[in-house]
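Participant: The structure that follows is given in the form of structure tokens.
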Amino acid sequence: MEKVDIGKRILRENEKYAFENIMFLAERKKLCLNMISSPGSGKTTILTRTIDELKGKLRIGVIEGDIQTDLDAERIRATEAPVVQINTEGACHLSAPQISAALKRLPVEDLDLIFIENVGNLVCPSAFELGESGKIVVLSVAEGDDKPAKYPAIFAKSKVLLINKIDLLDGGHVDFDIERAKADARRLNKAIEILPISAKTGEGMGNWYDRLEKWVKNSRL
Ligand SMILES: Nc1nc2c(ncn2[C@@H]2O[C@H](COP(=O)(O)OP(=O)(O)OP(=O)(O)O)[C@@H](O)[C@H]2O)c(=O)[nH]1
Ligand SMILES: [Mg+2]
């Protein structure tokens, strides 16, 4: 019983900060996207390619969440984008107070778009609102087409599903029925936009960039 109460208190505290983050971003008309996936689906690779290919068009900053190390922050830093690393020291998700502190360390006024790369985990991050404008779920074809059905919460809550590593479909290296994954995701979330991409070869990335540019334009209104 006590365990349940503590859990509720943590979520309530988190919501308070999430609301503050929403207000902070809305006052400045900034878009902030929370990227969530299993470990290794390609979040950092998508981000570094996106930052490089949208240079001169969108000014992007990143909040990197990891249990340990600043390896991903180093990869982002190599693109010259501003980045703040958060180490959760064991926790399987980022929380809104951490984002509140990280936003104060980024040059937010100079940015068009802030990405949060959440801790690699398909379950925990979906329960913690960060005050983001939207969630992006990444599913790579190497993980199996049953993941939307098996881990529904994050697919139900996301605005965009990026199906990554589609280069692996050529040559039959993996069995992944892309139509099944799309249908299951749409059953959970009628409005979800699904973009198949390869962050390695660049295939499909143009659709992702168009979506981001439109999103940033709308958030400025
Ligand atoms: N074939 C292929 N490999 C990819 C693609 N995108 C990423 N990878 C590889 O997948 C591995 C994991 O990529 P990351 O970008 O580190 O994945 P991540 O989601 O950031 O991982 P965590 O931060 O640990 O959760 C790396 O070896 C990438 O080179 C892709 O589109 N195709
Ligand atoms: Mg990463």
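Participant: Here is a check on your reading of the model: is residue 75 more than 16 Å from ligand 2 (Cβ to nearest atom) and surrounded by 13 or more Cβ atoms within 10 Å (Cβ to Cβ)?
Facilitator: So residue 75 does not fit the description; no.
Participant: Return the pair list, or none, for Cβ contacts closer than 6 Å from residues in the range 65-90 that are more than 16 Å from residue 119 (Cα to Cα) to residues that are near ligand 2 (Cβ under 10 Å from one of its atoms) and not in a strand (DSSP E or B), at least 6 apart or on different chains.
Facilitator: Going by the 6 Å Cβ cut-off, the qualifying pairs are 79/48.
Participant: Hey, among 63, 51, which residue is within 13 Å of the chain's Cα centre (by Cα) and surrounded by 19 or more Cβ atoms within 10 Å (Cβ to Cβ)?
Facilitator: The conditions single out 63.
Participant: Sticking with this one: Among the listed residues 101, 96, which satisfies the condition of being under 20 Å from residue 129 (Cβ atoms), surrounded by fewer than 17 Cβ atoms within 10 Å (Cβ to Cβ), away from ligand 1 (no atom under 15 Å from the Cβ) and small (Gly, Ala, Ser)?
Facilitator: 101
Participant: Cβ-Cβ below 9 Å, separation at least six or inter-chain, first residue in the range 21-37 and touching a residue at least 60 places away in the same chain (Cβ under 8 Å) and assigned to a helix (DSSP H, G or I), second surrounded by 17 or more Cβ atoms within 10 Å (Cβ to Cβ) and polar (S, T, N, Q): which pairs?
Facilitator: That search, which allows pairs on different chains as well, returns 21/100; 22/133; 24/100; 25/133; 25/219.
Participant: When you check residue 80 against the structure, is it among the acidic types (Asp, Glu), under 18 Å from residue 44 (Cβ atoms) and part of a loop (DSSP other than H, G, I, E, B), yes or no?
Facilitator: It is true that residue 80 is among the acidic types (Asp, Glu), under 18 Å from residue 44 (Cβ atoms) and part of a loop (DSSP other than H, G, I, E, B).
Where a number appears in this text, it was derived from the coordinates with a stated rule and is not lab data. This one's a predicted model, so the numbers in the text were calculated from it and none came from an experiment. Methodologically, a virtual Cβ is constructed for each residue, glycine included, from the backbone with ideal geometry; neighbour enumeration extends over all protein chains shown.
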